[in-house]
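Visitor: Sharing a structure, written as structure tokens. Questions coming.
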Amino acid sequence: MKLVICTQYRENYGTEDRPYWKMKGGNVYVVENLTMSQAQKAIASGCPLFRV
């Protein structure tokens, strides 16, 4: 089984008082060879399971 995680970051083009957030680049991470148990844990707990 394979898990694909797509990320994106935002940059603030405004000020602290009037923020203007704009979506920018990001990354795609592929976690391969997951067991069914690992996939179920990922679904249950989300990305904190994969912190670096």
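Visitor: It is to be established whether one or more residues within the range 6-13 are basic (Lys, Arg), modelled with pLDDT of 90 or more and out of contact with any strand residue (DSSP E or B) (no Cβ under 9 Å at 6 or more places or on another chain).
Guide: No: zero hits.
Visitor: Which condition from (1) without any contact (Cβ under 8 Å) to a residue 40 or more places away in the chain; (2) touching a Cys at 6+ places or on another chain (Cβ under 9 Å) is the one that TRP21 breaks?
Guide: (2)
Visitor: If you don't mind, another one. Got a number for residues in the range 25-42 being surrounded by 10 or more Cβ atoms within 10 Å (Cβ to Cβ) and either over 10 Å from the mean Cα position of the chain (by Cα) or of a type in the set (Phe, Trp, Tyr) (or both)?
Guide: Selection size over the range 25-42: 8.
Visitor: Looking at the range 15-52, which of the residues that are charged (D, E, K, R) and assigned to a strand (DSSP E or B) is modelled with the highest pLDDT?
Guide: LYS22
The values are calculated or read from the model by the stated rules, or taken from the named source; none is laboratory data. Worth saying up front: this structure is predicted, and the values here are computed from it rather than measured. Cβ: placed from backbone, ideal geometry, glycine included. Neighbour counts: every protein chain shown.
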